[in-house]
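The structure under discussion appears below in the form of structure tokens.
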Amino acid sequence: MRVKTKKGYIDTPALIVDLDKFESNLKKMADYFKGIDADIRPHIKTHKCPVMAIKQVNAGAIGVTCAKVGEAEVMAKAGIGDILIANQVVGATKIMRLLDLLHLSDVKVAVENDGNVEELNEGAKSRNKILKVLIEVDVGMNRCGVRDFEEAVELAKKIDKLKNLELVGIMGYEGHIIFTFEREERKKLGTQCMENLVDFKKHLEKEGFSIPIVSGGGTGTYDIASKVEGVTEIQAGSYLTMDVTYGYLNLGFEQALTLLTSIISIHDDHVILDCGMKAVSGEVGQPQGVGLEGASISSLSEEHGHMVYPEASKLMIGQKVELVPSHGCTTVNLHDNFYVVKDDTLEGVWEISARGKFL
Ligand SMILES: Cc1ncc(COP(=O)(O)O)c(C=O)c1O
């Protein structure tokens, strides 16, 4: 008789993906993009997992977005044929690694300053390659990106003169408004950000540049940014597995990601779990317990999670407790594998191959 591995036998702490919820999120996003002009180019910084990226592409994504060359290396080697690095790639070491990927995948990169486009061009020239670039626009987040039309046009002119670069679009991420709780307010602010981005496209086109790609948006704004005329692709990523923080926005996606932990100590109402900040991130708040009404995680030390639960006397040492991470992306980055579970049975182990790839 075949013995199935049950969730309860998975050693802890372990990241669990509920397959039904995961597939529901995958389908909901894919279905949304079937009905509109814009495409989805999911950001893989959330899951860092080739199996999930391939499922997203097979469900209709035009490619993926990455933050780092190391992530792009993992995705290109896994067969993802179209990659946007939505970030600056600075310095010869990284630039050479980026160029090495062009024989595997159509890799494009964001740019925002003169010196960087020059070094990218030098690298591409030395490898006899043409590198596609998108000008990053700061749409209010105050991170990377050109600040005004003049800067954008100057940079576009510079790129035009450089023989080994090809300007293929612009990108801008409205991360500063993505967690605006009120839907109407988020819609207003998100629309303004993307209209601003499209204004950069129009301005550059008036100056004679071709801007086929306009890329932006995240999980909190995918259905706002994608409705702004001129936006061609959306970079949402967290929707696939979700977390506590995105849960507050009531977007209709399911919490597919949990951390399975074990109780290792109980004293009065103070329960210690075998997961600290090396297993679950707490930078935007504590994780939340599943199914234990009145329980709360009060703090995380390196290897211990402190849970306060008035009914702790009903619990046992070794008992499993599931937590939803407050931030999925930084939690996933701490783990080697997703344990994929359907109806309490382990269906597979998917490697988080791009974890720690911050170079
Ligand atoms: C450049 C960029 N695009 C898109 C996103 C959207 O990600 P999420 O789906 O988590 O909102 C992020 C998130 O940090 C980002 O940095």
**Request:** Please enumerate the residues belonging to segment 21-38 that are buried (at least 16 other Cβ atoms within 10 Å of the Cβ) and assigned to a loop (DSSP other than H, G, I, E, B).
**Result:** A38
**Prompt:** more than 10 Å from the ligand (Cβ to nearest atom), more than 26 Å from T46 (Cα to Cα) and exposed (fewer than 15 other Cβ atoms within 10 Å of the Cβ): does that describe E154?
**Reply:** yes
**Message:** Being modelled with pLDDT of 95 or more, part of a loop (DSSP other than H, G, I, E, B) and in contact with a Lys or Arg (Cβ under 8 Å, 6 or more places away or on another chain) is true for just one of G276, G252. Which residue is that?
**Reply:** G252
**Complete:** Flagged pairs (Cβ under 7 angstrom, 6 or more apart or on separate chains; first in segment 69-92, closer than 16 Å to L134 by Cβ; second among the hydroxyl-bearing types (S, T, Y) and away from the ligand (no atom under 16 Å from the Cβ)) are D82/S105; I83/S105
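Matching residues to (1) touching an Asp or Glu at 6+ places or on another chain (Cβ under 9 Å); (2) farther than 27 Å from V57 by Cβ; (3) of a type in the set (D, E, K, R); (4) within 16 Å of the ligand (Cβ to nearest atom):
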residue	(1), (2), (3), (4)
L197	yes, no, no, yes
L204	no, yes, no, no
S210	no, no, no, no
K227	no, no, yes, no
E233	yes, no, yes, yes
**Item:** Residues being away from the ligand (no atom under 14 Å from the Cβ) and assigned to a loop (DSSP other than H, G, I, E, B) - total across segment 39-80
**Value:** 7
**Item:** Within segment 212-250, tally of residues that are of a type in the set (F, W, Y) and in contact with a strand residue (DSSP E or B) (Cβ under 8 Å, 6 or more places away or on another chain)
**Value:** 1
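Do we find a residue being assigned to a strand (DSSP E or B), within 16 Å of the ligand (Cβ to nearest atom), modelled with pLDDT of 95 or more and of a type outside the set (A, V, I, L, M, F, W, C) anywhere in segment 92-106?
No, because not a single residue in segment 92-106 is assigned to a strand (DSSP E or B), within 16 Å of the ligand (Cβ to nearest atom), modelled with pLDDT of 95 or more and of a type outside the set (A, V, I, L, M, F, W, C).
The values are calculated or read from the model by the stated rules, or taken from the named source; none is laboratory data. Computed from a predicted structure; not experimentally measured. Because the Cβ atoms are built from the backbone with ideal geometry, glycine has one as well, and the counts that use them run over all protein chains shown.
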